[in-house]
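To keep things clear, I will list the structure first and then write my remarks on it.
Since every read-out is calculated from the coordinates, none of them should be taken as a lab result. Being a predicted model, the structure only gives us computed values, none of them experimental. As a convention, Cβ positions derive from the backbone with ideal geometry for all residues, glycine included, and neighbour counts pool all protein chains shown.
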Amino acid sequence: MDSYLRSMLSASRAKKRLITLFIDSLFIISAFWLALIVRLDSFEPLVYSYNWLLLSLVLPISLFSFINLGLYRAVLRYVGAHAVGAIVTGTVISTVTLVILAFFLQISIPRTMPLIYAWLVILSVGGSRIMVRAMVGRLASVNKLPVVIYGAGDAGRQLATALGAGPDYYVTAFIDDDTYKHNSIILGIPVVAFESLYRLIDAGRVKKILLALPSASRARRKEVLAKLEKLPVEVLTIPGMAAVVEGKANLDEIKDVEIEDLLGRDSVSPKSELMTANIKDKCVMVTGAGGSIGSELCRQIVDNQPSKLVLFELSEFALYSIEKELSETIRKKGLDIEIIPIVGSVQRINRTETCMKAFAVETVYHAAAYKHVPLVEHNVVEGVRNNVFGTYYAAKAAINSGVKTFVLISTDKAVRPTNVMGATKRMAELVLQGLAKGQNTTRFCMVRFGNVLGSSGSVVPLFRKQIKQGGPITLTHPEITRFFMTIPEAAQLVIQAGAMGKGGDVFVLDMGESVKIKDLAVKMVHLSGLEVKSETNPHGDIEIKCTGLRPGEKLYEELLIGENVEQTTHERIMTANEVMLPLKELEGILESLDKACHDFDHEVIRQLLLKAPTGFNPTDGICDLVWNARQNAEPQLENKVVNLK
């Protein structure tokens, strides 16, 4: 039967229409004779020629009506309301034709015979199509993956319709927490309670669970995921409703569960007056415009309509990518914003200052920095040059150019740093605090926050890749914790904090609760439908290996140096009053640091970072790769000289 149906479905459209027309002819003929036989309870009507005459006239008119109503243009596997309407209308026309012809030809038929005929035509012509649709659906589902949709709302129904037409999945059930929907049927799919999932999984009728709750809060999604995490099936999700409405995604795009949903923290709507204060109709400059935070800042800035946006970036490819993306966005939205891509390094004060003056920059967001802890540990001089002197030169250029607002993107690693990267970012904060007190031209402030999800070097994409490769997941320490925030939320809060600054402010973003990285890895494994391999579960799928803390890495991060913190008018932004360094003393340290970097004297660099009020407490020795190589090479060189003598 299946092979016959497959051959029918693979036939040409014209051939399928002829076959359907022939079968419908048989249905109409059968309905005509059955109506007479059933009504008269006799086969005698078959012998009367006038009944055959009546049928020979009714049949072509009926088929002609069905053809004109578009019944044969409908694809059988997608029979819907239009086809049903065509069948009913065509049947009415056929029945009325039967009655009129019988009257004018003076052919005697029982009064109830046309009603029986109509019902038989509807049941046979319509029922056959429903049967074919069901058989095609069953045939199509053979090679499809069985899935369950969590959420029987509008999004769930649209997703089920889309999946039904696709080649990959078929929906076995809806799961919904609304008890009023339980035991009901939607689109031919049963709606069941969460507890029924265990039975469906045991029966092999669920391979994946698709989360269709695009409008639910993150807290609600976290609650649902906590329940689904315990099940031995992969959990996927569809985009949020905001992304669908903005045209950034389609509702039927299935993807991995967002880590934001696991954290369960909803972002706060930005305050428009703070978002536009330093941006709208102004010339804005972003340093490090092609980085993770820098590029998102640029997107948010464009949404708030500056007159010009200067993209200052050292990486040619990163600059090309963000400039192309922003130009396309501006074109689509019909905005009047000039995008100015500038290749340059913040370590060159002349280049930076010239650009600021040339375009009359009013607001600067300084995101240019080296931020990967191990890399800065291995490249100390460049870390100091870029993070400390890059900030100092950019800030001095801003003062000389008459920039009104300068916002530094800082990090939680600047608090009691155990690594060079954190110490240099704390030095950058001290630079701005010192410069803020010595002039009235530029208003300086800095915004400190933790890890952002999806940034370059983030653990989340790394864990996803390792899970897809079958493991192991590499973790530096089982107890390591971090604060997390989404890149868009961090960028929005940076812009709003910058608008609140009065001069020398240190703003701290509320990052919520810190997250244990191992717990995050375990959740990601479980939501992939896999199990963690361990001593207690040796037959698990993914092993989690601890490789040891990297140079300068801390077990946990902090956002505040002291306890002196105040709440601002924004619920997610706090301001901290912390140790400052007088400008004269600061410039003395910078002069010594500059010389030490030039001389490649790492011991002096470390001493200067320890001397400054950064709270630097290194956990490792000097890890610079070049310095260590030179240290190892010098004894060997001395031995060679001795041997030559």
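Observations on the model:
- Difference of contour (0.36 nm per residue) and Cα-Cα distance, Thr89 to Val579: 168.0 nm
- Electrostatic dipole magnitude of the stretch 144-263 [Cβ: Lys, Arg +1; Asp, Glu -1; Cα centre; debye, to 20]: 220 debye
- Highest mean packing comes first when the peptides 292-298, 406-412, 520-526, 63-69 are listed by Cβ atoms within 10 Å, giving 406-412, 292-298, 520-526, 63-69.
- Computed extension length for Ile19-Ala162: 48.6 nm, one decimal, from 0.36 nm per residue of separation with the Cα-Cα distance subtracted.
- Distance between the 7 Å Cα→Cβ label points at Glu603 and Lys465: 3.9 nm.
- By the count of other C-beta atoms within 10 Å, a proxy for reagent exposure, His372, His570 are ordered fewest to most as His372, His570.
- Nearest-ten-degree value, helix 625-644 long axis tilted from longest Cα axis of the chain: 50 degrees
- Amide H contacts under 5 Å for Tyr169: Leu145, restricted to partners 5 or more places along the chain or on a different chain, H placed in the peptide plane at 1.01 Å from N.
- Phi-derived couplings, Karplus 6.51 cos²θ - 1.76 cosθ + 1.60 at θ = phi - 60°, listed residue by residue for the stretch 277-285: 3, 9, 10, 4, 6, 10, 8, 10, 10 Hz, with x used for Gly and Pro.
- Label zone (Asp281, point 7 Å along Cα-to-C-beta; backbone nitrogen cut-off 18 Å) within the stretch 324-352: 335-338.
- Highest mean packing first, where packing is the average number of other Cβ atoms within 10 Å per residue, the peptides 318-328, 382-392 line up as 382-392, 318-328.
- Considering only Ala160, Ile175, Leu200, and ranking their Cα positions along the charge dipole of the stretch 144-263 that arises from unit charges at the beta-carbon of Lys, Arg, Asp and Glu, the one farthest toward the positive end is Leu200.
- Gained length - Lys207 relative to Lys502, 0.36 nm times residue gap less alpha-carbon distance: 100.6 nm
- For the stretch 144-263, the average shadow cast by the Cα convex hull is 7.1 nm², which is a quarter of the hull's surface.
- Cα-based equivalent ellipsoid of the chain: semi-axis lengths in Å, sorted from largest, via gyration tensor: 72, 29, 21
- Ranked by how many other beta carbons lie within 10 Å on average, peptides 611-621, 500-510 from highest: 500-510, 611-621
- What the Cβ-Cβ distance of Arg331 and Lys404 gives, at R0 = 25 Å and to the nearest 0.05, is a FRET efficiency of 0.30.
- Here is the P(r) of the stretch 494-635: all C-alpha pair distances, binned every 10 Å from 0, give 8, 22, 24, 24, 16, 5, 0 in whole percents.
- Unsatisfied cross-links (Cα-Cα over 24 Å) in the set Lys357/Lys584; Lys425/Lys502; Lys222/Lys371; Lys144/Lys181; Lys282/Lys324; Lys333/Lys357: Lys357/Lys584; Lys222/Lys371; Lys144/Lys181; Lys333/Lys357
- Put a plus charge on the Cβ of each Lys and Arg, a minus charge on the Cβ of each Asp and Glu, and nothing anywhere else: the dipole of the chain about its Cα centre is then about 1840 debye.
- Principal-axis tilt of helix 459-468 within the chain, Cα atoms, nearest 10 degrees: 50 degrees
- Gap separating the Cα centres of the stretch 204-225 and the stretch 371-447, nearest whole Å: 42 Å
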